[in-house]
Structure formats: structure tokens, C-alpha cells
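The values are calculated or read from the model by the stated rules, or taken from the named source; none is laboratory data. As the structure is a prediction and not an experimental result, all values here were calculated from the model. Quick reminder, even Gly has a Cβ in these numbers, built from the backbone with ideal geometry, and neighbours come from all protein chains shown.
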Amino acid sequence: MKRQHHMPFGAELSGEGVRFSVWAPTAQRVSLLLEGAEHPMPESDGGWRASVVPAARPGQRYAFRIDDRLIVPDPASRFQPEDAHGPSMIIDPRAYAWSDAGWTGRPWEEAVLYELHVGTATTAGTFAELQSKLPEIAELGVTAIELMPLADFPGSRNWGYDGVLPFAPDAAYGTPDELKRLIDSAHALRLMVFIDVVYNHFGPSGNHLPGYAAPFFTDRHLTPWGSAVNFDGAESRPVRDFFIHNALYWLEEFHADGLRLDAVHAVHDESGTHILAEIASSVRQAISGREVHLVLENDANESRWLARDRRGHPQFYTAQWNDDWHHAWHVLLTGEREGYYEDYSKDAVGHLGRAASAGFAYQGEPSPHRGGRSRGQPSAHLPPSAFVAFLQNHDQTGNRAFGERLCHMTGPERLALARAALLLSPQIPLLFMGEAWAASSPFQFFVDFGEDESLAMAVREGRRREFARFGAFADPQSSEPIPDPTAPATAARSVLDWGERRREPHGRTLAETSRLLHLRASRIVPLVSSAYLGASFERPWVGALDVTWRLAAGELNFFATGGAAARSLEIGLDCEILWKSAAVRESKGTVRLPEWTGLALESRAP
């Protein structure tokens with residue numbers, strides 16, 4: 001089977017050769033440089049430039065010359081073998097022969113996401129070596145891998161959020177065909193593949209668009225990275241199409257099962273149809289016959305993007321990362337209260353109960369961390385599957401000064417309780433790479449801007465200024481140990497050691513994670529797959545939380561204690577204990593729960 005997503009820009013193979021097309025509305029002259037030859041690209045309507053070269057072939061390298069002063073890669077390049085500043089390569093998307101013709105995806109309710117960074121998930125940091133790890137990931141009980149952004153970035157190491165060529169998988173990880181082979185192999189193991197995409201900004205190095213397509217950006221909206229992408233101003237139609245095609249490209253040409261859109265609260269659009277709505281509707285209309293899932297990261301907690309139709313199907317987006325779930329658990333587990341944890345410090349148990357039962361903890365209430373501004377929209381009407389819950393991810397781990405994981409900050413008993421709450425919740429769980437065995441390696445922030453020392457210095461100084469707001473780093477000398485994000489050793493420290501999962505205590509943690517995941521597949525998924533009837537939470541005593549989810553197939557209940565003294569709890573005759581902490585004791589319908597323990601209960605519908 002062959003697959004290709006056809007685009008109106010970039011290098012497209014046809015019976016006449018290869019058509020090269022680029023949008024350059026603020027350039028006076030544009031020509032195509034191809035294997036030492038130069039081809040003029042005359043202007044057509046709306047600033048478009050195009051040229052058809054009959055002799056062009058896959059594997060050849062090309063670039064665009066702008067006004068005799070600038071040579072740039074194709075912004076829709078499918079591959080950059082010489083990095084972001086080098087020439088693009090002509091790729092034949094139909095050269096790869098897919099073997100997953102029968103793959104139609106998996107229902108969202110079955111999803112267990114495993115977020116990973118390709119460059120540090122394995123020693124080699126490539127698509128090929130990651131492919132060799134897929135059987136172990138599938139055996140664990142995970143049903144989907146989520147790849148941090150793949151778009152080509154400058155240098156050899158980056159988290160991926162500094163990408164500048166959104167259609168080109170970074171060459172540091174391998175070729176487009178090697179990425180396709182990874183996805184093909186995942187599907188053979190019944191693993192879904194999600195790709196993280198960034199539509200809110202371009203990285204600080206290697207973005208040449210302002211030099212010939214100035215309307216791609218606008219100063220009418222500002223983002224943490226500067227001028228916003230122009231989704232709603234004059235000449236925004238080509239910009240909108242660029243990102244709509246990018247979403248379809250990953251889903252069609254690479255047969256990905258879903259996308260996670262990064263930080264959409266920084267995607268500004270005041271037009272009649274928001275770009276997020278147009279992306280979602282374009283995907284829903286273009287792809288049928290298989291399961292495709294769209295996930296958001298949205299600090300604004302806008303439940304409108306998660307609306308369901310009368311059949312319970314997503315109208316726009318399938319789910320959103322539930323930061324409130326993470327933040328409340330983090331405060332409970334670590335006691336940290338600075339930064340955005342301030343919003344959860346006064347009542348972490350209450351915020352956790354609301355996040356678990358109603359989706360968002362903040363549904364319009366004032367946020368102390370945001371100066372009292374309201375945050376969020378009502379979300380209790382949404383099913384639990386509209387939310388992705390997690391205890392760790394790349395942000396919450398890597399944005400710490402030293403990239404510590406939770407297992408470095410809290411005891412194993414507390415972490416075991418939180419892990420069970422995560423994996424047995426009706427919300428969709430996400431594990432960060434290595435979390436399944438409590439990996440010892442940190443995940444630190446790292447970048448590589450090559451010889452651009454001024455940019456590297458700005459990143460280093462910005463990192464230290466960011467942490468100077470926290471008490472532990474208020475003294476300039478205390479910030480000195482913060483790892484240099486531009487140093488190769490920082491990325492090297494973040495590489496997973498797969499061998500330690502066979503050593504203790506990592507082996508016990510891995511076995512317990514796998515046991516919980518298989519319990520989830522057999523008992524939780526059937527419940528979540530039935531109609532959602534509502535949820536609630538109670539606090540039976542100080543430090544304890546009792547959450548109940550009601551579904552057509554039955555009720556699910558999770559009970560957790562914090563630091564309170566041991567208490568006893570009666571279990572109804574119609575309840576079955578699915579899981580309990582090792583320290584919980586059961587006798588004649590009563591269980592005794594010491595501090596930092598819990599249990600999961602199920603009662604089937606009659």
C-alpha cells in the first residue's frame with residue numbers, strides 16, 4: 001500500500017516531473033536552485049511562485065533563492081538531510097510500501113499514552129532503535145506512543161518545540177521512511193502513534209519565512225515567543241492552509257493515529273472561524289473509516305473545544321491534557337507550592353477531587369497565580385475520556401531546574417497510590433517515558449544552536465532568570481549548578497537506561513505498572529466505553545478523597561487517604577475491590593486504610 005498527502009505547495013511529483021511551489025508575497029524575485037542549476041519562478045496570483053522541472057528526481061536537493069540575497073530551504077520540505085539551514089530533498093512519499101492496510105486504529109477509550117522524546121528514549125536516539133523497543137512498550141500494556149515534536153530544528157538535539165520546518169521529520173532521528181517503518185511496526189503491535197505538533201510559533205533559529213513571506217506573522221497578537229502566527233489578518237488564507245495541510249500530512253502520509261496540538265492558548269484567531277475549528281473539521285471530513293484522535297494542550301481550560309454531539313462523538317477535539325490533575329497531585333506528593341502550584345496549595349485534595357470528577361479544577365474561578373484572573377470553563381458535562389491525566393510529562397519534568405522525576409521527590413508508597421489513581425481512572429492516562437519503571441535518569445531541558453553563540457548565551461541566561469523567581473534560586477550563586485541547556489552532556493544525562501528496568505527497585509515498579517495497565521484493560525475500559533452518567537467526590541475525613549464515576553455499565557469508585565491517621569471503611573455487598581494498597585487490610589466487609597493508601601471499587605449495573 002502507498003500513501004501520499006497532496007499539497008498545493010512544496011515539491012510534488014507528477015507525470016510532468018516535479019512541481020515546486022512556494023508562497024513568497026514579499027519577495028521581488030524567486031528562483032529554484034536544483035542540483036547546480038537555477039530555474040526562474042514567475043509570480044502568480046497572491047504571491048505564489050511555481051516551477052515544473054521535468055528532469056527533477058527524488059533524492060535531489062533544492063532550495064529557493066530570494067531576491068539574490070537569501071537562499072532558503074522549502075518551508076514545506078519533506079526532509080532536510082543537511083539540517084534546517086541546508087537544502088531540502090525531493091522525497092517520493094509513495095516509495096514506502098505500507099503493510100498495515102487492515103489497521104483502522106483503536107477506540108479512544110482504550111488509549112494509554114506513552115509520551116517519549118525520540119532523541120533520548122534510546123541510546124542511539126533514532127526511529128530505528130525506538131522501533132526495536134516497541135514490543136516491550138506494547139507488552140507493558142500501553143496502547144499508544146506519543147512522539148514529542150519531530151519537525152526539523154537547527155542542530156542535533158532539541159525537545160522539538162523549536163522546530164522551523166513542520167513537514168520534515170528531523171534528520172537527527174532518521175529518514176521519513178524510517179519514521180513510516182516505526183509507525184507501521186507500531187500498528188502491527190496494535191499500538192497507536194500520536195505526533196506532537198506546534199502551531200503557535202516557530203523556533204528562534206532557521207525560520208526564514210519573514211524574509212519573503214512577512215504576512216505569515218502579525219504584531220496584532222503577541223505570544224511568549226514574539227509575533228504571533230497570522231491566522232486572522234490580511235493574507236492569512238495561505239497561512240491557515242499551511243497548518244491544515246500539516247495536520248492532514250501527518251495523519252494521511254504517515255498514517256498517524258492522532259495529533260497533540262501544543263499550547264493552543266497561544267494560537268490567536270479572532271476571525272469568524274477559529275483555526276482550531278477549521279483544523280478539526282478538515283481532519284474529520286478528510287479521514288473516515290478509521291479512528292483518528294485530536295488532543296489539545298490548553299492552559300485556558302476551554303471546554304468548548306471538547307464538545308460532544310448527541311451520539312457522544314467529539315465535535316472538534318477528542319481530549320485535552322488535564323494540568324489540574326497533575327498540579328493537585330504534585331502539591332500533595334511533594335509539598336511544593338511555588339509558581340503555578342500556588343493555585344492548588346490551599347486545598348489540593350479539593351482541587352484533585354474536582355479534576356478527577358469534573359475534568360477541570362478551574363472552571364472560571366480566579367487564579368491566584370494569574371493575578372486573580374478567571375480561568376477555565378465549566379466541564380462537568382464532559383465524559384472522563386475528554387481529559388488526559390498524568391503525573392509526569394516532558395513539561396512538568398523537564399521544566400524543573402534539574403529535570404527531576406517524581407520518584408526523586410516523593411516516597412514509593414505515595415507514588416504507588418498516585419500511580420494507581422492515574423491508571424485506574426476513567427480519564428485517559430499518560431505515562432512519560434521511563435515512568436513505568438521509575439527511571440533514574442532526569443529529563444532536562446536541552447537545545448543545540450550550533451555556532452550561534454549569541455543565541456546559546458541568551459538561552460542559558462534566560463534559563464537562570466526563569467528560576468530566579470523561585471526561593472531556592474533567589475541567590476545568583478544558587479543558580480550556578482543549573483545545567484547548561486546548550487551542553488551536549490545535558491541531553492546525554494536525559495537518555496533512558498533501559499537496562500535498569502530489570503534491576504530493583506525498578507523491576508518491581510515496572511511489574512506493578514504493567515499489572516495496573518492490564519487491570520485497566522480488562523475492567524476499566526469496558527466501563528468507560530459505556531455511556532457516562534456523571535461523577536462526584538466527597539471528603540469523608542481530613543486528607544481523604546472518595547471519587548465516584550457513574551457509567552451505564554456500572555460504578556467505579558477510587559478512595560485515597562493522605563497523611564491522616566488510619567481509618568476503617570465499610571464496603572458495600574455489591575462492591576468488588578479491584579485494587580488496594582499493599583498496606584490496606586480487609587476483614588468481613590471492612591477495610592482499614594493507613595495513611596497514603598487507597599483502593600478501587602467496582603459495582604456492576606444490574
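Some notes on this structure:
- The condition of being under 25 Å from residue 251 (Cα atoms), in contact with a Phe, Trp or Tyr (Cβ under 7 Å, 6 or more places away or on another chain) and at pLDDT 95 or above holds for only one of 119, 105, that being 119.
- Residue within the stretch 406-426 that is under 18 Å from the mean Cα position of the chain (by Cα) and over 17 Å from residue 511 (Cα atoms) present: no
- Qualifying residue in the stretch 56-69 (condition: without any contact (Cβ under 8 Å) to a residue 60 or more places away in the chain and within 16 Å of residue 238 (Cα to Cα)): no
- For the stretch 310-335, a residue qualifies if it is at negative phi and surrounded by fewer than 17 Cβ atoms within 10 Å (Cβ to Cβ), and the qualifying residues are 310, 311, 313, 315, 334.
- One residue stands out among those in the stretch 313-349 that are of a type outside the set (Ser, Thr, Tyr) and in contact with a Lys or Arg (Cβ under 7 Å, 6 or more places away or on another chain): the one that is nearest to residue 558 (Cα to Cα), which is 349.
- For residue 282, the test of being outside any helix (DSSP H, G or I), among the polar types (S, T, N, Q) and surrounded by fewer than 21 Cβ atoms within 10 Å (Cβ to Cβ) is failed.
- Of all residues making up the stretch 292-313, the number that are over 13 Å from residue 388 (Cβ atoms) and touching a helix residue (DSSP H, G or I) at 6+ places or on another chain (Cβ under 7 Å): 4
- Residue in the stretch 131-144 that is in contact with a Phe, Trp or Tyr (Cβ under 9 Å, 6 or more places away or on another chain) and either among the basic types (Lys, Arg) or over 30 Å from residue 108 (Cα atoms) (or both) present: yes
- Yes/no for residue 375 being among the basic types (Lys, Arg) and in contact with a Phe, Trp or Tyr (Cβ under 6 Å, 6 or more places away or on another chain): yes
- Verdict on residue 476 being more than 25 Å from residue 123 (Cα to Cα) and either at pLDDT below 90 or buried (at least 16 other Cβ atoms within 10 Å of the Cβ) (or both): yes
- Cβ-Cβ distances below 6 Å connect no pair with a first residue in the stretch 541-564 that is closer than 16 Å to residue 330 by Cα, a second residue that is among the basic types (Lys, Arg) and surrounded by 18 or more Cβ atoms within 10 Å (Cβ to Cβ), and a separation of six or more residues or different chains.
- Looking only at the stretch 333-351, residues that are closer than 22 Å to residue 384 by Cα and in contact with a helix residue (DSSP H, G or I) (Cβ under 8 Å, 6 or more places away or on another chain) come to 4 in all.
- Of the residues making up the stretch 54-85, those that are more than 27 Å from the chain's Cα centre (by Cα) and aromatic (Phe, Trp, Tyr) are 62, 64.
- Neighbours by Cβ (under 6 Å, 6+ apart or cross-chain): first from the stretch 210-238, under 18 Å from residue 74 (Cβ atoms) and outside the structural domain of residue 48 (by TED's automatic domain parsing); second surrounded by 15 or more Cβ atoms within 10 Å (Cβ to Cβ) and among the small types (Gly, Ala, Ser): 212/24; 212/27; 213/24
- Selected residue (only one of 115, 82, 129 is closer than 26 Å to residue 260 by Cβ and surrounded by fewer than 22 Cβ atoms within 10 Å (Cβ to Cβ)): 129
- Note on the stretch 356-388: among residues that are closer than 16 Å to residue 326 by Cβ and without any contact (Cβ under 8 Å) to a residue 40 or more places away in the chain, the one that is surrounded by the most Cβ atoms within 10 Å (Cβ to Cβ) is 361.
- Residue match in the stretch 337-356 (condition: of a type in the set (Asp, Glu), within 20 Å of residue 563 (Cα to Cα) and outside any helix (DSSP H, G or I)): yes
- Criterion (surrounded by fewer than 16 Cβ atoms within 10 Å (Cβ to Cβ), over 24 Å from residue 154 (Cβ atoms) and touching a Phe, Trp or Tyr at 6+ places or on another chain (Cβ under 8 Å)) met by exactly one of 1, 41: 1
- Filter result for residue 18 (β-branched (Val, Ile, Thr), modelled with pLDDT of 95 or more, within 37 Å of the chain's Cα centre (by Cα) and crowded, with 16+ Cβ neighbours inside 10 Å): yes
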